[in-house]
Amino acid sequence: MSQTIADTIHKLFVELHQNPELSNQEFETTKRLKSYLQKANIRILELGAKTGVIAEIGSGSPVLALRADIDALPIQEQTTCDYRSKNPDVMHACGHDVHASILMGAAYLLKAHEKDLKGTIRLLFQPAEENFSGALHFIEIGALKGVDAILGQHNNPNLTINQMASCAGPFSANVDRIEITVKGVGAHAARPETGIDPIVVGAQIVNAVQTISSRGVSGLDAVIVSITKFQGGNTWNVIPETVEMEGTVRTLTPDIRAKVKKLLKNIMENIASALGAQAELRWFDGPPSIINDAKWVEFAKQVAKHANYEIVDFKPQLGGEDFAHYLHHVPGAFINLGSQSPYAVHHPKFQLNRDMIMPAVKYLSELAKQALIQLAQDKK
Ligand SMILES: [Zn+2]
Ligand SMILES: [Zn+2]
């Protein structure tokens with residue numbers, strides 16, 4: 001590979017890392033990515049994205065989409081690296097800077113062999129992954145129009161830079177948010193019998209919902225119910241009227257997601273009613289779980305093996321990833337490549353190993369090229 005591409009992509013990575021922007025505010029990032037695409041004569045599609053860029057290489061059918069996210073997090077960087085964030089309280093702590101750089105590098109390589117491509121590669125530099133709105137926005141403006149399959153990549157700090165991991169089926173969680181209001185009857189703290197104490201009712205609900213994972217579903221089905229906020233009352237001698245709770249429910253499949261929602265509602269309503277109170281559940285659907293296509297996972301692993309990656313086992317995670325939305329429309333796979341950081345993603349000291357970039361660039365471009373050949377064969 002030409003040294004120029006490697007230098008250019010490292011430069012892009014440093015620039016992105018130094019100039020992180022929050023979800024839906026990736027204006028400078030978008031400009032920068034567009035200028036790098038223009039430098040290589042890569043055609044940009046004007047679909048009306050507020051931030052983020054969609055571009056194409058090659059022509060005709062089939063169409064393979066490659067997606068990288070580009071947004072950063074509201075974190076003050078605490079690394080000592082010489083290319084630290086210049087923006088106070090904003091940091092590329094999830095490595096989306098490296099995702100965008102790798103995709104750009106792959107684009108440069110693919111562009112250099114554009115006439116050999118057996119179809120079109122669509123590049124999605126997607127904004128706003130961290131607040132789970134970017135993929136939906138891209139789908140809405142037509143980013144998947146004509147797309148036959150999609151592949152995406154996230155760095156994994158727990159893997160070394162020569163390791164690749166993925167799995168068929170669920171890969172990430174359904175990430176849902178819940179709010180619960182328990183309504184009782186206020187009273188003097190010395191005469192609880194004249195009221196209905198929502199704090200006592202709420203406490204029992206907090207405990208009882210933990211039985212959902214231990215008694216409501218099979219031990220083999222991953223379920224997390226976390227109540228992360230519990231607020232009620234404002235002084236020591238008054239039983240309040242209401243308690244407000246918030247939390248999150250994580251599951252891996254649509255069936256278990258629906259079952260947990262029903263169990264949660266039943267448990268809290270019935271506990272409240274047994275104690276003379278009322279409880280109301282408000283459930284907010286977050287991104288669904290990534291359901292990887294087994295065929296594409298296997299395909300990505302085979303190409304990774306040829307690119308000298310070590311393939312490691314991967315167990316689904318209960319975090320969220322909005323790439324999942326794309327897989328509701330087209331088949332594909334989401335994979336991890338090792339970034340070997342001593343700190344986890346979203347940590348102020350997260351610092352990935354930059355040596356992951358060029359092997360990943362080569363792998364991703366090879367994966368895209370081969371995937372087009374595979375798609376063309378499938379269409380015959
Ligand atoms: Zn993140
Ligand atoms: Zn991320």
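The values are calculated or read from the model by the stated rules, or taken from the named source; none is laboratory data. All figures in this text were calculated on a predicted structure; none of them were measured in a lab. All Cβ positions, glycine included, derive from the backbone under ideal geometry; neighbour counts span all protein chains shown. Accessible surface is based on the protein model in full, side chains and every heavy atom, while ligands, DNA and RNA are left aside. Shrake-Rupley method; radii C 1.70, N 1.55, O 1.52, S 1.80 Å.
Of the residues making up the stretch 325-347, at least one is among the hydrophobic types (A, V, I, L, M, F, W, C) and assigned to a helix (DSSP H, G or I). Applying the condition of being within 12 Å of ligand 2 (Cβ to nearest atom) and surrounded by 24 or more Cβ atoms within 10 Å (Cβ to Cβ) to the stretch 124-134 and asking which residue is nearest to residue 364 (Cα to Cα) yields 126.
For the stretch 268-282, a tally of residues being in contact (Cβ under 8 Å) with a residue 60 or more places away in the chain and exposed (fewer than 15 other Cβ atoms within 10 Å of the Cβ) returns 3.
For the stretch 146-172, which positions are more than 14 Å from ligand 1 (Cβ to nearest atom) and part of a strand (DSSP E or B)?
Here is the first cut: in the stretch 146-172, the ones more than 14 Å from ligand 1 (Cβ to nearest atom) are 146-151, 158-171.
Within the stretch 146-172, 149, 150, 151, 163, 164, 165, 169, 170 meet the criteria.
Working only within the stretch 54-77, note down all residues that are within 16 Å of ligand 2 (Cβ to nearest atom), of a type in the set (Gly, Ala, Ser) and either surrounded by fewer than 24 Cβ atoms within 10 Å (Cβ to Cβ) or over 17 Å from residue 29 (Cα atoms) (or both). Residues satisfying the conditions do not exist here.
Considering (1) in contact with a Lys or Arg (Cβ under 8 Å, 6 or more places away or on another chain); (2) in a helix (DSSP H, G or I), the lone condition that residue 280 does not fulfil carries the number (2).
Residues in the stretch 299-348 that are surrounded by 23 or more Cβ atoms within 10 Å (Cβ to Cβ), of a type in the set (A, V, I, L, M, F, W, C) and within 16 Å of ligand 2 (Cβ to nearest atom): 323, 324, 334, 335, 337.
In the set 120, 51, 80, 8, which member is surrounded by fewer than 24 Cβ atoms within 10 Å (Cβ to Cβ), touching a strand residue (DSSP E or B) at 6+ places or on another chain (Cβ under 6 Å) and among the hydroxyl-bearing types (Ser, Thr, Tyr)?
On the way: 51 fails: touching a strand residue (DSSP E or B) at 6+ places or on another chain (Cβ under 6 Å); 80 fails: touching a strand residue (DSSP E or B) at 6+ places or on another chain (Cβ under 6 Å); 8 fails: touching a strand residue (DSSP E or B) at 6+ places or on another chain (Cβ under 6 Å).
Just one listed residue meets the conditions, 120.
Here are some residues: 370, 351, 377. Which one is open to solvent by 10 Å² or more (accessible area, probe 1.4 Å) and more than 23 Å from residue 5 (Cα to Cα)?
That would be 377, the only listed residue that is open to solvent by 10 Å² or more (accessible area, probe 1.4 Å) and more than 23 Å from residue 5 (Cα to Cα).
Residue by residue through the stretch 306-324, note down the ones that are of a type in the set (A, V, I, L, M, F, W, C) and either assigned to a strand (DSSP E or B) or not assigned by TED's automatic domain parsing to the domain that holds residue 365 (or both). Spell out the reasoning first.
Of the stretch 306-324, the ones of a type in the set (A, V, I, L, M, F, W, C) are 307, 311-312, 314, 318, 323-324.
Across the stretch 306-324, the qualifying residues are 311, 312.
Here the condition is being within 16 Å of ligand 1 (Cβ to nearest atom) and either under 28 Å from residue 366 (Cβ atoms) or modelled with pLDDT of 95 or more (or both); of 6, 93, 49, 65, it holds for 93 alone.
Scanning the stretch 86-107 for residues that are away from ligand 2 (no atom under 16 Å from the Cβ) and surrounded by fewer than 24 Cβ atoms within 10 Å (Cβ to Cβ) returns 86, 87, 88, 89. Scan the stretch 294-311 for residues that are more than 21 Å from the chain's Cα centre (by Cα) and within 20 Å of residue 340 (Cβ to Cβ) and the total you get is 7.
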